[in-house]
Amino acid sequence: MLNYVVRRLLLMIPTLFVISLLVYIIIDLPPGDCVTSQIDELLSRGDPDALRRADELRHLYGLDQPLMARYFHWLFGIFRWDFGLSCQDTVPVKDLIGERLALTMVMESCTIIFIWTVSFVIGVYAATHQYQLGDYVASFIGFIGLAVPNFLLALVLLYVGKVYFGLSIGGLMDPEFIDKPFSWAKFWSVAQHLVIPVIVIGTSGTAGMIRRLRANLLDELQKQYVTTGRAKGLPPLKLLIKYPLRHAINPFVADIGHLLPEVISGSVIVSVVLSLPTTGPMLLGALKTQDVNLAATFLLFVAVLTVIGMLVSDLLLAALDPRIRFGATSEK
């Protein structure tokens, strides 16, 4: 096991290097750069020094250097926790994403907990009560969650909350707590505002997990060892938890590597609709303005979550399912 973990950790290094290189090159591919829009705005105002200002800004951001030189300068700066300058307000990337990254991690962690808890309870109930009212209700919820886009659900909740309940749904805290130090009042405000974003972002993931868990658990319940266990008089709950459920929740564990980046990327549009001060709107703006340092940092963060999530899911699968062994070979 230790050798496997070491090999996987060493493999992460070239994997993340290739991902960071591709991300940096692709973001830089479109014509123009992050200075272009700023200069166009100055020219529209009739600024006579716009062209001179353009050269100064490109030198400040390092855009007058070759692409590979800029990439390696950004890459080596990561080890010093220096992600370069952002074209947005000309501030270091690490200062720009600090609080937004913390709020994003809180929201995404709550969303993942919501997805696992709700889908586990509903999925197990639907599988153990097949073709009953609860199963039909769970299936209906699953189909609706898969069919309705997250941003559309966010718009509906915005409208319903404002028109029918007089609520202003948006943001992750009350305006008076913005830029204020942490306090229990601020924590409670964030907790209240998290409810709607967590439900909206977690709906599609919950729906998919319910369908997968129900299908896998139904397949396990129809196998011969379950019939044998019932014939021997095992209590239904013990029989369910000890064998079929243990095998059926493999998708929960296997999806860790995909769920972390999927939740983060899927919350970008929802964050824009709900005016959430998370990294999603900032990432969208960075991609639109070709703010390479800022966008590449975000996407590298998502890649790190992906490779770490895949490693964690593989280790948990081995602990959960005795049929899975690392480096095992079949012998005839």
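The values are calculated or read from the model by the stated rules, or taken from the named source; none is laboratory data. Just so we're clear, the structure is a prediction, and the values are computed from it rather than from any experiment. Please note: Cβ atoms are built from the backbone with ideal geometry, for glycine as well, and neighbour counts cover all protein chains shown. Just the protein is used for accessible areas: all its heavy atoms, side chains included, with ligands, DNA and RNA removed. Shrake-Rupley method; radii C 1.70, N 1.55, O 1.52, S 1.80 Å.
Computed quantities for the displayed model
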{"quantity": "Approximate spin-label separation residue 132-residue 242, in nm, with each point projected 7 Å along Cα-to-Cβ", "calculated": "2.3"}
{"quantity": "Tally of Lys pairs whose C-alpha atoms are under 21 Å apart, taken over the chain, 8 or more apart or cross-chain", "calculated": "6"}
{"quantity": "Förster radius 22 Å - calculated FRET efficiency between residue 9 and residue 81 (Cβ-Cβ, nearest 0.05)", "calculated": "0.65"}
{"quantity": "Segments 285-291, 149-155 sorted - mean Cβ within 10 Å per residue, highest first", "calculated": "285-291, 149-155"}
{"quantity": "Cα-centre dipole for the chain with unit charges at Cβ (Lys and Arg positive, Asp and Glu negative), debye to 20", "calculated": "1800"}
{"quantity": "Solvent exposure, largest accessible area first (probe 1.4 Å, DNA, RNA and ligands not counted), of 174, 135, 40", "calculated": "40, 174, 135"}
{"quantity": "Angle in degrees between helix 133-147 and the longest Cα principal axis of the chain, rounded to the nearest 10", "calculated": "20"}
{"quantity": "For q = 0.10, 0.13 Å⁻¹, Debye-computed log10 I/I(0) when each Cα of the range 179-319 counts as one equal scatterer", "calculated": "-0.54, -0.79"}
{"quantity": "On Cα atoms only, tilt of 184-221 relative to the major axis of the chain in degrees", "calculated": "50"}
{"quantity": "Furthest towards positive pole of dipole, 104, 122, 93, structure part the range 57-136, Cβ charges", "calculated": "93"}
{"quantity": "Per-peptide average of other Cβ atoms within 10 Å, ordering 224-233, 197-206 highest first", "calculated": "197-206, 224-233"}
{"quantity": "Modelled label reach - residue 288, point 7 Å along Cα→Cβ, the range 80-108 residues with backbone N closer than 12 Å", "calculated": "none"}
{"quantity": "Using a Förster distance of 45 Å, the FRET efficiency for residue 45-residue 188 (Cβ separation, nearest 0.05)", "calculated": "0.50"}
{"quantity": "Cα-only radius of gyration and Dmax that characterise the chain, units Å", "calculated": "24.6, 90"}
{"quantity": "Simple spin-label estimate for residue 64 and residue 219 in nanometres, 7 Å along Cα-Cβ", "calculated": "6.1"}
{"quantity": "Surface/4 of the Cα convex hull for the range 1-138, nm²", "calculated": "15.2"}
{"quantity": "Ranked packing of 136-148, 180-192, most packed first, by mean Cβ within 10 Å", "calculated": "136-148, 180-192"}
{"quantity": "Sparse-neighbourhood loop sites, trypsin sites (Lys or Arg not before Pro) in the range 62-128 - DSSP loop, at most 14 other Cβ within 10 angstrom", "calculated": "80"}
{"quantity": "Unpartnered cysteines - no second Cys beta carbon under 4.7 Å - across the chain", "calculated": "110"}
